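Following: one structure in structure tokens, then a few remarks.
The values are calculated or read from the model by the stated rules, or taken from the named source; none is laboratory data. Note that the structure is a prediction, hence the values are computed from the model and not measured. Because the Cβ atoms are built from the backbone with ideal geometry, glycine has one as well, and the counts that use them run over all protein chains shown.
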Amino acid sequence: MTIAIHESALIRHFNTRKEVLRAWEERIGARFSPFRGYKMPDSRLYVEHPDFLDSIVDLIITNERHIFLRGPVGSGKSTLMLLALRDLPTLADRRGNKFVTGYVGMTGLYEKQMSAAIADSLRVKYRRSWESSQIVESIAQECVRRYREEKSRTALFVEDVADNQEAAFHKLRYLADLPTQEMKADHPEVLDEPIITLIMSGTAVYWNAMLSFLPQIADRTEPLDVPALDDEKAKEFIGRRIAYAKGQIDTFDLDDYGVYPFADDAVVVINTAAKGNPRDIRMLSRGCQQVAAENFRQNGNPEVNRKIAELVSDAYATILREVR
């Protein structure tokens, strides 16, 4: 006996939708959706804020304060951290020290997980059987050795720091306080200045929590508010993604690029609705792609015009109001 298995209406709907989107992508010459999400995107997709990035790097080099990059979810904090991380190995601080860098991008870590993640990022050896305090002490000793023997300071980047457990955060406090009085006594050549700079990120709520519960670090930390994308940078954000999806990112020219099939005034509408937040620009652009793809199926025009951008932006605003 043969049993016929038929597609459900839901499966047919999603298959049809995928086909419509794919047809739009092929029409504009894209190999995939320009607005897919990435946890760690290709650095060629980054839209830089040169002046703001310089202020981050200058603070690290002067070695006066720790840094807290403050901004809403999706504002580009992680991108800025990765850009600063990219530049530091080629620089030296005011005393001529080079930089050893580490990056902890995981969140929700417990005390030992945080200790191990820091050790791994800084390439410090430890035993898996060790307690968190032993791992952190090994990190501390190695950072002091690198400072003394290799003239290297440590810059430790920790993403969304307050998403981790409170006990894990106190390990960061210990590292932020280095060198200890005992270390300075044992090694007189170690100057009375921090040998580890923390570069942390989080929302304004997280920063306020740090002020309340960990003033020992907050008092020595400079909060920097991540700037929103202006209309020109929002256009670049969309343009880079379209070029990437077309396989043309290596020839992307800031002085000569396009955002077709997006109209320039549609980009302005999208950026206004997103308030310059890159994550929301991407989400709105993907919504515009879906509407434009349906239009393309009906009339052969793949354009994202101002009318489509306004329609998607209004729907987005309604969704946000309902969620809040």
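Structure values in brief
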read-out: Filter pass, residue 301 being outside the structural domain of residue 173 (by TED's automatic domain parsing) and over 30 Å from residue 68 (Cβ atoms); value: yes
read-out: Unmet requirement for residue 74, which otherwise passes all of (1) closer than 22 Å to residue 254 by Cα; (2) part of a loop (DSSP other than H, G, I, E, B); (3) in contact (Cβ under 8 Å) with a residue 60 or more places away in the chain; value: (1)
read-out: Within the stretch 97-111, considering residues that are at pLDDT below 90 and out of contact with any Asp or Glu (no Cβ under 6 Å at 6 or more places or on another chain), the one surrounded by the most Cβ atoms within 10 Å (Cβ to Cβ); value: 109
read-out: Condition met for residue 289 (within 21 Å of residue 18 (Cα to Cα) and either surrounded by 22 or more Cβ atoms within 10 Å (Cβ to Cβ) or modelled with pLDDT of 95 or more (or both)); value: yes
read-out: The stretch 259-286, residues that are out of contact with any Phe, Trp or Tyr (no Cβ under 9 Å at 6 or more places or on another chain) and closer than 23 Å to residue 19 by Cα; value: 259, 260, 262
read-out: Count - residues of the stretch 1-45 that are closer than 30 Å to residue 81 by Cα, at pLDDT below 90 and hydrophobic (A, V, I, L, M, F, W, C); value: 1
read-out: Helices (runs of 4 or more DSSP H) contained entirely in the stretch 173-268, each with at least 3 residues that are closer than 25 Å to residue 279 by Cβ and modelled with pLDDT of 85 or more; value: 204-213, 231-245
read-out: Any hit, the stretch 82-94, residues being closer than 19 Å to residue 271 by Cβ and either in the same structural domain as residue 204 (by TED's automatic domain parsing) or surrounded by fewer than 16 Cβ atoms within 10 Å (Cβ to Cβ) (or both); value: no
read-out: Verdict on residue 175 being aliphatic (A, V, I, L, M) and surrounded by fewer than 17 Cβ atoms within 10 Å (Cβ to Cβ); value: no
read-out: Selection count, the stretch 288-308, where residues are out of contact with any Cys (no Cβ under 6 Å at 6 or more places or on another chain), assigned to a helix (DSSP H, G or I) and closer than 16 Å to residue 267 by Cα; value: 7
read-out: Residue in the stretch 260-270 that is out of contact with any Lys or Arg (no Cβ under 7 Å at 6 or more places or on another chain) and not assigned by TED's automatic domain parsing to the domain that holds residue 302 present; value: no
read-out: Of the criteria (1) out of contact with any strand residue (DSSP E or B) (no Cβ under 7 Å at 6 or more places or on another chain); (2) within 27 Å of residue 53 (Cα to Cα); (3) not aromatic (Phe, Trp, Tyr), which one residue 172 fails; value: (1)
read-out: Condition broken by residue 315, with the remaining ones in (1) modelled with pLDDT of 95 or more; (2) part of a helix (DSSP H, G or I); (3) among the small types (Gly, Ala, Ser) satisfied; value: (1)
read-out: Answer from 163, 120 - the residue that is in the same structural domain as residue 83 (by TED's automatic domain parsing), at pLDDT below 85, surrounded by fewer than 17 Cβ atoms within 10 Å (Cβ to Cβ) and within 27 Å of the chain's Cα centre (by Cα); value: 163
read-out: Extreme residue, surrounded by the fewest Cβ atoms within 10 Å (Cβ to Cβ), among residues of the stretch 192-210 that are touching a residue at least 24 places away in the same chain (Cβ under 8 Å) and either more than 21 Å from the chain's Cα centre (by Cα) or over 25 Å from residue 83 (Cβ atoms) (or both); value: 193
read-out: Any hit, the stretch 262-285, residues being touching a Pro at 6+ places or on another chain (Cβ under 7 Å), within 30 Å of residue 95 (Cα to Cα) and either in contact (Cβ under 8 Å) with a residue 40 or more places away in the chain or among the small types (Gly, Ala, Ser) (or both); value: no
